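Everything on this sheet refers to the single structure shown next.
The values are calculated or read from the model by the stated rules, or taken from the named source; none is laboratory data. Since this is a predicted model, take the numbers as computed values, not measurements. Reconstructed Cβ throughout: ideal geometry from the backbone, glycine too, with neighbour counts over all protein chains shown.
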Amino acid sequence: MSEQAVGRLLVLAPAGLLAFFLGVGLIVLIRPWLLRYAIARPNARSSHYAPVAQGGGIAVVLATLAVAWAAILFWPDSAHRQTEHFLIISGAAILLTIVGAIDDMHSLPPTVRLIAQCIAVGAVVIALPNDMQVLPQLPWWMDRACLLIAGVWFVNLTNFMDGIDWMTVAEAVPVTGAMILLGILGTVDFTAAVIAATLFGAMLGFAPFNKPVAGLFLGDAGSLPIGLLLGWLLMQLAVVGHRVAAVILPLYYLADATITLLRRLLRREPFWQSHRTHFYQRATDNGLSVPEIVARVFLANVALTTLALISILTGRVLVSLLTLCAAAVLVTALLASFARIKRKQ
């Protein structure tokens, strides 16, 4: 391991650990307030059967950003380059945390939520250096428009998929773990590695409170900004040329949410309303327990992470295409199993 890699590891490991403990402390601090003002009550579309406090994502986001700021300012080689960019990312994440917290307490109109998401994602996209494009074959403005649409969709799908206990943990931990490794190797820049490390730690700190049967939910205050941060991490991977890996890492989330949305559109259903037709939700109706579902999703995400890392580390087009095909087969098999499992009572 090179001296620079060791130096990054010596910053990222303590940052993740500190985010873990800070996240736990903040959850303990704000949980009594959440129990009074931010309760998710079960309805026909819910996967829980008793009122549960939501908004735990506030602690996750605050811990992630606070520790990341400390690490970036501590790291002398990056502070002068990254501070302004990270300020925009932080502002966008905080905006979505505030909007999500308000929505957790008093439902906001879908239009207000969408406008806030477009502002947050738009700010992050505009902050990208002009010479960085995910699709360099396109004009700059078209590339940025595609990133805006993809970013808003990723924020929403993260929110949509946060429907059962531990689901977002099962997604965020493998993705951020991969980004930490890539940060140590120098594949992604230090800011991305720091955000990955602190989000990794903060999500692990949240996990004990969200384990089935959960006593605390992320809420929109967590799922929206976490979706933004994960989307930005994947964007960082894509703009340095690893577009296939950026698709493979979140492929289960992308497939479940996108296929479900298309099905609802074809059926002319009000897609903006809550529902129970995601594949993981159908799996609960088909007899699988929440721990069984999340375990399958987590193992699939670990496999997707492995395929993405193989694609990046080999750096060959053919290998990237093969890993993408393997990822597609894996996700298709998982979705099919969720849709068809019927257990006898």
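Can you tell me which residue among Ala178, Ala193, Ala172 is within 20 Å of Leu307 (Cα to Cα), within 11 Å of the chain's Cα centre (by Cα) and touching a residue at least 40 places away in the same chain (Cβ under 8 Å)? So that I can check it myself, show each step before the final result.
On the way: Ala178 fails: within 11 Å of the chain's Cα centre (by Cα); Ala193 fails: within 11 Å of the chain's Cα centre (by Cα).
Selected residue: Ala172, the only one of Ala178, Ala193, Ala172 that is within 20 Å of Leu307 (Cα to Cα), within 11 Å of the chain's Cα centre (by Cα) and touching a residue at least 40 places away in the same chain (Cβ under 8 Å).
Take Ser46 and decide whether it is hydroxyl-bearing (Ser, Thr, Tyr), modelled with pLDDT under 90, more than 16 Å from Ser223 (Cβ to Cβ) and surrounded by fewer than 19 Cβ atoms within 10 Å (Cβ to Cβ).
On the way: hydroxyl-bearing (Ser, Thr, Tyr): yes; modelled with pLDDT under 90: yes; more than 16 Å from Ser223 (Cβ to Cβ): no; surrounded by fewer than 19 Cβ atoms within 10 Å (Cβ to Cβ): yes.
No; evaluated as a whole, the condition is false for this residue.
Taken over region 164-194, residues that are hydrophobic (A, V, I, L, M, F, W, C) and within 11 Å of Asn301 (Cβ to Cβ) amount to 7. In this structure, is Gln54 under 21 Å from Gly151 (Cβ atoms) and either of a type in the set (S, T, N, Q) or at pLDDT 95 or above (or both)? No: the conditions fail for Gln54. On the stretch given as region 130-169, residues that are more than 20 Å from Gln281 (Cβ to Cβ) and more than 13 Å from the chain's Cα centre (by Cα) total 21.
Looking at region 320-340, is at least one residue charged (D, E, K, R), surrounded by fewer than 19 Cβ atoms within 10 Å (Cβ to Cβ), in a helix (DSSP H, G or I) and free of Cβ contacts under 8 Å to residues at least 12 places away in the same chain?
Filtering region 320-340 down to residues charged (D, E, K, R) leaves 340.
If we keep only those that are surrounded by fewer than 19 Cβ atoms within 10 Å (Cβ to Cβ) as well, we get 340.
This time we only want the ones that are in a helix (DSSP H, G or I), so: 340.
Now restrict to residues that are free of Cβ contacts under 8 Å to residues at least 12 places away in the same chain: none.
Within region 320-340 (the criterion being charged (D, E, K, R), surrounded by fewer than 19 Cβ atoms within 10 Å (Cβ to Cβ), in a helix (DSSP H, G or I) and free of Cβ contacts under 8 Å to residues at least 12 places away in the same chain), the answer is no, since none of the residues qualifies.
Looking for something over 20 Å from Pro212 (Cβ atoms) and either modelled with pLDDT under 95 or not in a helix (DSSP H, G or I) (or both) - is there at least one such residue anywhere in region 298-305? So far as region 298-305 goes, no, none of its residues is over 20 Å from Pro212 (Cβ atoms) and either modelled with pLDDT under 95 or not in a helix (DSSP H, G or I) (or both). Looking at Val112, is it part of a helix (DSSP H, G or I) and crowded, with 21+ Cβ neighbours inside 10 Å? For Val112, the condition - part of a helix (DSSP H, G or I) and crowded, with 21+ Cβ neighbours inside 10 Å - is not met.
Yes/no per residue for (1) modelled with pLDDT under 95; (2) more than 13 Å from the chain's Cα centre (by Cα):
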residue: Ala202; (1), (2): no, no
residue: Lys211; (1), (2): yes, yes
residue: Gly222; (1), (2): no, no
residue: Leu251; (1), (2): no, no
residue: Ala255; (1), (2): no, yes
